[in-house]
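Report on the structure given below.
The values are calculated or read from the model by the stated rules, or taken from the named source; none is laboratory data. The structure displayed is predicted, hence computed values, not measured ones. Here the Cβ is made from the backbone with ideal geometry for all residues, glycine too, and neighbour counts use every protein chain on show.
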Amino acid sequence: MAHFGQDIRGLLVTAGAALLLSWSPTPAAAQSASSSGTFQAPSNPDFMLGRPRASVGVRGGWMVASAKSDIFDFVTEQLTLEKSSFNTPGFGADVSISLKPRLDLVAGIDLSKSTTPSEYRAFVDNRNLPIQQETSLLQTSMFAAVKFAIVPRGRAISRFAWIPAAFVPYVGAGGGVTNYDFKQVGDFVDFSDNRVFTDTFRSHGFAPTALVFAGADIQVYRRISMSIDGRYAWAKAKLSADFIDFEPMDLGGFRFGAGFRYSF
């Protein structure tokens, strides 16, 4: 029995020594690592070599037009349009440059276009057919803004390695210019004599724009994050001579967007 106990203890000591030797680096390997002076990456797979200094992002979204000016009141009263007819999908892209760890300078562009067929609500032609036309509104907004991260974007774990935060909410504000093209093509009624005629009415130009936004960057993998944000813009543009006696056109509205961002 004593023999058996000694055998068990010897076996355990031998196994423990083998395990320790297999876990510990060999002297040659340890000496090589210390003498090379190379940086050893942390085991976290989402680390980056240093804090990102810039990023590019793309997003798709939905534009909800505020449509508060009298030109929208007129077309929705006379034609089978609603203010929601000017709500439309959109696309955006931007570039961010880091000014400070939590502050970025952002420059970008937003595009949207609505196209809606319609007819007069109260008039038909002499064959008792609908008087039809198509109304479109194209907007291209170019902006510059500052973006502030509400929480730190990540943390440094050594002189080289930086781990991005999983969730970073942000707010921002800025301004720019919106190029717009408002067009109606088709048949119309001359209210002076109820005559039906075919024509194109168009107004296009630029309008100064202000915007605020808020959202969050959600880390997906290393340099890639998913961005979700909402932004509200204010812009009013003077209409051309095709639209007489109307006040400036309201080009503002709310945009909700989601997309991806690459940091470098």
When you go through Tyr180, Tyr120 one by one, which is the residue that is over 16 Å from Ala233 (Cβ atoms), surrounded by 14 or more Cβ atoms within 10 Å (Cβ to Cβ) and among the aromatic types (Phe, Trp, Tyr)? Tyr120
Working only within segment 95-109, note down all residues that are touching an Asp or Glu at 6+ places or on another chain (Cβ under 9 Å) and surrounded by 13 or more Cβ atoms within 10 Å (Cβ to Cβ). Ser96, Ser98, Val106, Ala107, Gly108, Ile109
With respect to the numbered conditions (1) part of a strand (DSSP E or B); (2) of a type outside the set (Asp, Glu); (3) modelled with pLDDT of 95 or more; (4) surrounded by fewer than 18 Cβ atoms within 10 Å (Cβ to Cβ), which one is the sole condition not fulfilled by Arg155? (3)
Which one of these does Val168 not meet: (1) among the aliphatic types (A, V, I, L, M); (2) more than 16 Å from Arg261 (Cβ to Cβ); (3) in a strand (DSSP E or B)? (2)
Name the residue that is farthest from Asn128 (Cα to Cα), counting only residues in segment 186-238 that are buried (at least 20 other Cβ atoms within 10 Å of the Cβ) and hydrophobic (A, V, I, L, M, F, W, C). Phe213
Assess whether Gly215 counts as being touching an Asp or Glu at 6+ places or on another chain (Cβ under 6 Å) and in the same structural domain as Ser136 (by TED's automatic domain parsing). yes
